[in-house]
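First comes the structure, then the notes that go with it.
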Amino acid sequence: RPALLKAATRMADLMCKVIGPSPRANVVPGHSGPEEALVALYRLYRDDPEARRTVSFTGDPRRYLKLAQFFIDTRGHHEGRTGKDKSFEEYGQDHAPLAQQATLEGHAVRAALFCTGIAAAAYDDGRPGYLAAALRLWDSLVRHKMYITGAAGAVASDEKLGADYFLPNDGYMETCAAVGVGFFAQNMNLLFADAGYIDVLEQALYNAVPGGVSLTGDHYFYQNPLTGEGLRRWAWHDCPCCPPMFAKMMGALPGYLYAQEPGAVYVNLFAGSHASLSVEGVPVKLKQTTHYPWSGDVTITLDPERPAEFDLYVRIPAWAEGPASPNALYTPVGLPEEGAARIRINGQPIGKLDKARGYARLRREWRAGDVVELKLDMPVRQVKAHPSVLEDQGRVALTRGPIVYCVESVDVPEGPRHLVVPPDARLKAEYRPELLGGVAVLRGKVRVCSKSADRVSTEPAQLTAIPFHASANREPCSIRVWLAADPSKAVTATLATRSRVTASHCWQADSTAAVNDGVTPTSSGDTSQQRLSWWDHRGGTEWVQMTFPAPTKVSRSRVYWFADRPTQGGCDLPQAWRLLYQDGAEWKPVQTSGAFGLQPDQFNAVAFEPVRTAALRMAVDLKPGWSAGVGEWEVE
């Protein structure tokens, strides 16, 4: 689009005119992104005469590269800056000069895009400082601060990266940050031709990035937690940055499948595709056929215009073979050292693969119609986190190929928080073309932790797991990626946790599923846990209802109130409440001589004459001018 290119060039020229070394303004971007864009503009005008003619470009394109370098080099140097832009500190990677930034810090999206720009600039000028920084910050990210889905950003405040190994499963994980991780990985692969970077790109591409958009393409996740209750996607957001970032990644994706260097072609990603390349002056067409990631079979057909000798590098994914290093953030159990990836050329098997930097190197004189067949084993694997990731100890995640799986309450009546996955669990993949646009699900026998008559035990249960990226597409639901392997990590299933909760009203940021999630608040004002609140309804009467799996005799109930009064919010303790049980089409009050307690920071229990019923309801009278809420509700 010439008009857009002309506009971009005008903007870049203006920045080059007013920003830079003294006497120009010492300014750095408050949000990284311009660094890589300036490098791309430099490359375009350097390499593409047609682009120069289209917009009548004159001058030296190196000015754009120099401005990108200025933006990078000036981080941490605040001389001459004033006002709110004097320093963006860690939030904007402006707390120290690049050479002194030992770890990746600050706003996760800004950090990933800053690193993307560093790697892009390093590719063109080869500065040792940039190369060293890119490697250092990459290591900080993937060994200490990245989620198993390729997501980044653990902390909601400032949407930032956490400390090393701080990776809570309900962390922030903004969709844009996962896209930024993918961009960073792609640029690192262009720098070092190492398949390990594409492994991370693939990790984000198949998990965190598509997880941010619904299968219908019109609802989104700004945050992508690995655990949650009542998760639902939004149709619009006050900060609508994620959909265009997703579109940017999808628009760039065709350029990520293959790469070149003199005398070599790299197959980085596996997807049905066609490519036309020139290798040592010989036009070469490639065609890739596959049902990846549901199948590990990939067929690559080569069609050089004439016989040509060159290297074909085919990525062997890290998830397929090769033991993880001792300090890896995530370690699949039972990963073979070799043999899970096999290659045939024109039907003839290759023996021991010649591997280089994570690729199988295939060198020969290629002729039209040559066929390379890659076969990757795809068993279901349990993955363990580094011991320093405290929240995931005693838990496992389930993967198959590049796909990370989750369990949704839609598929597991017991609820995912009650499941226990033993080490010997036999799980198998089933491809379901009719489900969620066509996905492979995992099915098998596991255990469920339950409580009956004050006795806790585990019982057999059926597990169905779906790809994480496809979650929350059927209905609002509870999900878990990290499942209990140790029974003590599972929430014990009770009558309450097995029941379905509905309410007269629920504030949009809260969840009815929090009422029976088995998590006891630390206080009535605990805002770190999910809860149900009737905000912004004030005064009047509201209700919350628990519908049991089957009619059950009940005789005791206790409730932990949520009240963030008076400094945090508008919820106070209720004025009064009562219990009603369902009797056919009627709701009748339970018979009790006890009081309906209204004490903060504790459970308020009430015993009543036993009733057999399908549902129990709390009717709650709110104080005038105040709302109220429930942190946890239990029924026996």
* Inter-probe distance in nm under a simple model that places probes 7 Å from Cα toward Cβ, at T592 and K285 -> 7.7 nm
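Could you work out the local net charge near L38, counting Lys and Arg as +1, Asp and Glu as -1, over the other residues with Cβ closer than 14 Å to its Cβ? Let's see the in-between values first.
Working: positive: R10, K17, R43, R46, R62, R63, K66; negative: D13, E35, E36, D60, D73, D124, D125.
Neighbourhood net charge equals 0.
Place a +1 charge on the Cβ of each Lys and Arg in the range 86-226 and a -1 charge on the Cβ of each Asp and Glu, then give the dipole magnitude about the Cα centre in debye, rounded to the nearest 20. List each step's numbers first, then the result.
Numbers: 7 positive and 16 negative charges, 32 e Å.
Roughly 160 debye for the range 86-226.
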* Using the heavy atoms of the protein chains and a 1.4 angstrom probe, tell me the accessible area per residue for the chain in square angstrom. => 43 Å²
* Once the range 326-468 is represented by equal point scatterers at the alpha-carbon sites, with solvent omitted, what log10 I(q)/I(0) does the Debye formula produce at q = 0.12 Å⁻¹? -> -0.67
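Length gain on complete extension for the stretch D526 to N346, per 0.36 nm per residue less the alpha carbon to alpha carbon distance?
Values: separation 180, 0.36 × 180 = 64.80 nm, distance 6.43 nm.
Gain on stretching D526 to N346: 58.4 nm.
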* **Sulfur and carbon atoms: percent of accessible area, the range 96-188 [1.4 Å]** => 54 percent
* Structure fact -> At 20 °C and 1.002 mPa s, the Stokes-Einstein diffusion coefficient in µm²/s for the range 1-116, with hydrodynamic radius from the Kirkwood sum on alpha carbon pairs, is 143 µm²/s
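To the nearest 20 debye, what charge dipole does the chain have about its Cα centre, counting +1 at the Cβ of each Lys and Arg and -1 at the Cβ of each Asp and Glu? Before the final figure, lay out each step's value.
On the way: 68 positive and 70 negative charges, 126 e Å.
Computed about the Cα centre, the dipole is about 600 debye.
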* Hey, could you pull the Cα Rg and Dmax for the range 93-145, both in Å? -> 10.3, 29
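Sorting check: for 54-66, 457-469, which peptide has the highest mean count of neighbouring beta carbons within 10 Å, and how do the rest follow? Mind showing how you got there, number by number?
Numbers: 54-66: 15.5, 457-469: 19.4.
Going by the mean number of other Cβ atoms within 10 Å, highest first, we get 457-469, 54-66.
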* If you keep only loop residues by DSSP, which trypsin sites (Lys or Arg not before Pro) in the range 345-413 have at most 12 other Cβ atoms within 10 Å of their Cβ? -> K352
* To do: Tell me the label-point distance for the pair A368, L390, using the 7 Å Cα-to-Cβ offset, in nm and rounded to one decimal.
  => 6.6 nm
* Using 1/(1 + (r/R0)^6) with R0 = 45 angstrom and r between the beta carbons of H31 and R612, what's the FRET efficiency to the nearest 0.05? -> 0.15
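Multiply the residue gap between R143 and L190 by 0.36 nm, knock off their C-alpha separation, and tell me the result in nm, one decimal place. Show your work: numbers first, answer last.
Working: separation 47, 0.36 × 47 = 16.92 nm, distance 2.04 nm.
Full-extension gain reported as 14.9 nm.
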* **Accessible surface, 1.4 Å probe, highest first, among residues T82, T547, T527, T9** => T82, T527, T547, T9
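Give the carbon-plus-sulfur fraction of the accessible surface of the range 483-607 in %, rounded to a whole number; probe 1.4 Å, heavy atoms of protein chains only. Intermediate values should be presented prior to the final figure.
Values: 2680 of 5880 Å².
Percent of accessible area from carbon and sulfur atoms in the range 483-607: 46.
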* 10 Å binning of all Cα-Cα separations within the range 162-280, expressed as whole percents from 0 upward -> 12, 38, 31, 14, 4, 0
* Structure fact -> As straight-line cross-link partners of K287, the qualifying lysines (C-alpha separation under 26 Å, not fewer than 8 residues apart within one chain) are K248, K352, K355, K375
* Cα Rg, Dmax, the chain, angstrom units -> 28.3, 94
* Structure fact -> Per the 1/(1 + (r/R0)^6) rule, R0 = 25 Å and r from the Cβ atoms of T54 and E309, FRET efficiency to 0.05 is 0.10
* Positive-pole candidate from V611, P23, A308, dipole of the chain, charges at beta carbon -> A308
* Give the Debye-formula value of log10 I(q)/I(0) at each listed q (0.12, 0.23 Å⁻¹), with one equal scatterer per alpha carbon of the range 421-541, two decimals each. => -0.62, -1.39
* Under 19 Å from a label point 7 Å along Cα→Cβ of R443: give me every residue in the range 357-388 with its amide N that close. => 379-381
* Please work out the FRET efficiency for the pair E261 and R426, using the Cβ-Cβ distance as r and a Förster radius of 51 Å; give the result to the nearest 0.05. => 0.70
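The values are calculated or read from the model by the stated rules, or taken from the named source; none is laboratory data. Since this is a predicted model, take the numbers as computed values, not measurements. So basically every Cβ, Gly included, is an ideal-geometry build from the backbone, and we count neighbours across all protein chains shown. We work out accessible area using only protein heavy atoms, side chains counted, and drop any ligands, DNA or RNA first. Shrake-Rupley method; radii C 1.70, N 1.55, O 1.52, S 1.80 Å.
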